[in-house]
Amino acid sequence: MNPALLPGRPHFAYRGNRLFVEDVCLADLAKEHGTPLFVYSKASMLAALAAYQRGFAGRNVRICYAMKANSSLGVLQVFARAGCGFDIVSGGELRRVLAAGGDASKVIFSGVGKTREEMRQALAAGIGCFNVESEAELEVLSEMAMLSGATAAVSVRVNPNVDPKTHPYISTGLKGNKFGVAHERALQTYRRAAALPGLRVVGIDCHIGSQITEETPYLDAMDRILDLVDVIEAAGIPIGHIDFGGGLGIDYNGDTPPEADALWTRLLARLDARGYGGRPLMIEPGRSLVGNAGVCLTEVLYLKPGELKNFCIIDAAMNDLPRPAMYQAFHQIVPLQPREGEAATFDVVGPVCESGDWIGRDRALNVASGDLLAVLSAGAYCMSMASNYNTRGRPAEVLVDGASAHLIRRRETAEDQMRAESLVR
Ligand SMILES: *Cc1c(COP(=O)(O)O)cnc(C)c1O
């Protein structure tokens, strides 16, 4: 492989001594827009989507981008224009889909705690399907649908009790999780759904977790779901579409998840073998569409030698990149312009007043203050999870398309942050 390429990130490469995304020099973007700065490659997103599309060639499938991974309007627009639907988890996300030009009829609404107001908004917008997570929610949704004079299309999220072998905070399909309806209660839940006047059963769904790097949990979940479809349809309730959720992992640090097309070729073979090949399908990928399409550019502020550790203090922090603090996650950190000579070992940390504010531990880096670094794999669950902790403005975002760079979000100011607040009179 060309050593200038970053493995798993084909649209990011060194040209000479400078890191480029597509045909744009990242250091130039940092100079123009400041740091920390999120930069996304449109070609990377579309290539990730194309891998799924190849796997599903000739099938009736809807790809619903799970937008909580990155809900910035400019990112949603890329997927809306590519024909994707969206998997949303709040009324706010629905507003974003509509603002980005997405098609409400291709929206599915997931989540264990939809409010009445969110249901009302989604019914008014005419979304495609509610992925319902409890019997109590079914009752309320039916009531809200009757009030709005519509029927709500529903699919029940079933918990297949499969271990996705990932971090416990991002496992969602095990018995102890708050998500979905237990496999054993699924038939009863479908009977209730079919009996409620405001509802129309259109599908079944599952989502077992995130950053899944093995194929077996998917195959196991598929078998469990198909067993249920057999049982529910035998009870006289036609199921309609099958939604297999999202969760496919990405290469953060030499991880080797299956490619989306290879994974789906095998899953579809299983589906065919069990006689469900002709079913309409849905999937809800998030991380795998955007994770490695994004980087966070940051400047080295200070190098601080310590008794036990050397610290490399950067201007990005846990409020911008929450995954290390939340899940002990690993992000590669690379220089935008590598230096000649020896590397030293640093803990790379941000300015936030928390010991949990670290971005990388024990990293070999050859850096000086003022150098620019890229935190890789920052397209998913970074900006969408970013906060204003320490009254830090959230970063700006740039979407690169070939040789052009579009500012899709300006840097947040202190005024932006205080806008909704007032002093006591
Ligand atoms: C988060 C989520 C997804 C997307 O998960 P990824 O790991 O980002 O692909 C899909 N479906 C549901 C219901 C989710 O909550």
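Computed from the coordinates by the stated procedures, all read-outs in this text should not be read as laboratory data. Not measured: the values here are computed from a predicted model. Neighbour counts are summed over all protein chains in view; Cβ atoms, including those assigned to glycine, are modelled from backbone coordinates with ideal geometry.
Things worth noting here:
- Tensor-based shape of region 304-425 (alpha-carbon gyration tensor, a/c under 1.5 rounded, otherwise prolate or oblate): oblate
- For the pair THR265 and ARG425, a Förster radius of 56 Å applied to the C-beta separation gives a FRET efficiency near 0.30, rounded to the nearest 0.05.
- What the pair-distance distribution of region 110-285 shows, using all Cα-Cα distances binned every 10 Å from zero, is 10, 38, 34, 16, 2, 0 percent.
- Taking GLY58, GLY240, GLY277 as the candidate residues, the one with maximal mean-square fluctuation in a Gaussian network model of the chain, Cα springs under 10 Å, is GLY58.
- C-alpha center-to-center spacing [region 1-38, region 302-380] in angstrom: 18 Å
- CYS353 paired with LEU5, simple spin-label distance in nm, labels 7 Å along Cα-to-beta-carbon: 4.7 nm
- The simple spin-label model puts a point 7 Å past each Cα toward its Cβ; for GLN188 and THR391 those points are separated by 5.3 nm.
- With a threshold of 26 Å on the Cα-Cα distance, the over-threshold entries among LYS31/LYS304; LYS165/LYS304; LYS68/LYS309; LYS114/LYS165; LYS68/LYS106 are LYS165/LYS304; LYS68/LYS309; LYS114/LYS165.
- Among 297-306, 375-384, sorting by the average number of other beta carbon atoms lying within 10 angstrom of each residue, highest first, gives 375-384, 297-306.
- Global form of region 1-104, assessed from the alpha-carbon gyration tensor, a/c cut-off 1.5: oblate
- In region 110-285, Cα pairs under 8 Å separated by at least six residues give a relative contact order of 20 percent.
- Other-chain or far-sequence residues with amide H under 5 Å of ILE359's (modelled H): VAL348, VAL349, GLY350
- Full-stretch length increase - ALA125, ARG15 - with 0.36 nm per residue and alpha-carbon distance subtracted: 34.9 nm
- Report summary: the helix-based calculation at 222 nm, which adds -39500 (n - 2.57) for every DSSP H run with n ≥ 4 and divides by the residues of the chain, gives -8500 deg cm²/dmol.
- Max mean-square fluctuation residue, GNM over the chain, Cα-Cα springs under 10 Å, options GLU354, GLU143, GLU133: GLU354
- Under a Gaussian network description of the chain, with springs only between Cα atoms under 10 Å, the residue in ASP243, ASP28, ASP261 that fluctuates furthest is ASP28.
- For region 30-36, putting each phi into the Karplus relation 6.51 cos²θ - 1.76 cosθ + 1.60 with θ = phi - 60° gives couplings of 4, 5, 6, 10, x, 10, x Hz, in residue order, rounded to whole numbers and with x for Gly and Pro.
- Kirkwood hydrodynamic radius computed over the chain comes to 22.7 Å, based on all pairs of distinct alpha carbons.
- Spin-label model, ASN60/ARG339: points 7 Å from Cα along the beta carbon direction are separated by 6.1 nm.
- A simple packing score, the average count of other Cβ atoms within 10 Å per residue, orders the peptides 153-159, 412-418, 20-26, 104-110 as 153-159, 104-110, 20-26, 412-418, with the highest score first.
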